[in-house]
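First the structure, in the form of structure tokens, and then the observations on it.
The values are calculated or read from the model by the stated rules, or taken from the named source; none is laboratory data. For clarity, every value in this text was computed on a predicted model and none was experimentally measured. All Cβ positions, even for glycine, are placed from backbone atoms using ideal geometry, and neighbour counts span all protein chains on display.
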Amino acid sequence: MFTHEELHVRAGRRTGLPIVVAVHSTVLGQALGGCRLWHYDDWRDGVEDALRLSAAMTAKNALAGLANGGGKTVVPLPPGVNVDADTRRALLHDVGDTIEALDGRYGTGPDVGTGPDDMVVIGERTPHVFCRPAAHGGSGSSSPGTAAGVIAALRATVARLDGDTELGGHTFAVVGLGSVGADVAGRLAAAGARLVVSDVRPDAETLAAELGARWSRPGDALTAEVDVVIPAALGGILTAELVPALRCRAVVGPANNQLAEPAVAGLLHERGILWAPDYVASAGGIVHAVASELYREPEDVVARRIERIGDTLTEIYAAGEAPDVTAEKLVAARLTPGTR
């Protein structure tokens, strides 16, 4: 069954490249979701990604307490096609025109392959954009907010495991040392945690030395004997084949769409491995961007919103059933008129 409100696929007027915008829900308000610029074997794979990611954004925004629905922009680049600076600018203008044609039902921000500076360019064609640099009146990078939300989620998780929120003394494997993963690893190291870190980029090994962490290959880090594995790279990392090999007590991280398929959540629950639904744990970035840039709330209010990610996870864990089941129930309740 098609559960989305809208799906738009159009060729960019300037570049001829496909622009995909999926609007999953506007029940709570304007749909929001990032703009992903990525290579796909087939443009239809980009459509599938947009549909899946936009639905996750509805859940993320709903459980984060935002008055917004979920959407997503995906620009599926053909294999081997790399855009130069001029083409990239034209492509981002094509994205802006596509979003502007939706009359405010959807707004976009950064995602994989785009950043705050790109939002400035998109913003030349539409006002429905967020996470521009502070110098351009925006909230800047969403990474610190995302990392803060992950830390709140980790505190709630270790409290469920061991009865207190102290991160020091626990062991964590951070898989992916991009802007968010590196920030999370730094905060954990500062809290006295023991770390295993990993990335596909060999040069990231220098960060391991700086943090006093053990460097590992990504596959080995996933199956390291730690308290919590933190997926902080691309999605689809948790497969049915991987679950039996895991030696952690919980999986909590900012990577979107961590499950290769929905049934993996049940397999984790059967093994007694606590899984924080990724759309809950990763919500700090959009909370910061939306609350500070669109709602114009002061930083202390925004910080409290991000901390409530831990409260939401505590509620989910307390139900005792598979966390994804409880989370889906909470999302459904939030989207049902009369229960919000």
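Would you check if there is a residue in region 60-72 being closer than 19 Å to residue 93 by Cα and in contact with a Gly (Cβ under 9 Å, 6 or more places away or on another chain)? I'd like the intermediate steps shown before the answer.
Applying the first criterion (closer than 19 Å to residue 93 by Cα) to region 60-72 yields 71-72.
Right, trim to in contact with a Gly (Cβ under 9 Å, 6 or more places away or on another chain) and you get 71-72.
Checking region 60-72: at least one residue is closer than 19 Å to residue 93 by Cα and in contact with a Gly (Cβ under 9 Å, 6 or more places away or on another chain).
So, residue 221, is that one in a helix (DSSP H, G or I) and under 21 Å from the mean Cα position of the chain (by Cα) or not?
Yes.
Go through region 302-340 residue by residue and tally those that are buried (at least 22 other Cβ atoms within 10 Å of the Cβ) and free of Cβ contacts under 8 Å to residues at least 12 places away in the same chain.
The qualifying residues number 0.
Any residue at all in region 51-60 that's at positive phi, modelled with pLDDT of 95 or more and not basic (Lys, Arg)?
no
If you scan region 178-207, which residues turn out to be part of a helix (DSSP H, G or I), of a type outside the set (Asp, Glu) and in contact (Cβ under 8 Å) with a residue 12 or more places away in the chain?
Result: 179, 180, 181, 182, 184, 185, 186, 187, 188, 189, 204, 207.
Can you tell me which of (1) closer than 20 Å to residue 332 by Cβ; (2) among the β-branched types (Val, Ile, Thr); (3) touching a Leu at 6+ places or on another chain (Cβ under 9 Å) is the one residue 26 doesn't meet?
Answer for residue 26: the failing condition is (3).
For the structure I just gave you, tell me whether residue 156 is over 27 Å from residue 217 (Cα atoms), outside the structural domain of residue 40 (by TED's automatic domain parsing), of a type in the set (A, V, I, L, M, F, W, C) and at pLDDT 95 or above.
Here the answer is yes, as residue 156 does meet what is asked.
Looking only at region 136-152, which residues are more than 10 Å from residue 306 (Cβ to Cβ) and either part of a loop (DSSP other than H, G, I, E, B) or among the polar types (S, T, N, Q) (or both)?
Once the filter is applied, which keeps residues that are more than 10 Å from residue 306 (Cβ to Cβ) and either part of a loop (DSSP other than H, G, I, E, B) or among the polar types (S, T, N, Q) (or both), region 136-152 yields 137, 138, 139, 140, 141, 142, 143.
Please pick out the residue among 302, 331, 290 that is outside any loop (DSSP other than H, G, I, E, B), modelled with pLDDT of 95 or more, within 25 Å of residue 119 (Cβ to Cβ) and out of contact with any Cys (no Cβ under 6 Å at 6 or more places or on another chain).
That would be 302, the only listed residue that is outside any loop (DSSP other than H, G, I, E, B), modelled with pLDDT of 95 or more, within 25 Å of residue 119 (Cβ to Cβ) and out of contact with any Cys (no Cβ under 6 Å at 6 or more places or on another chain).
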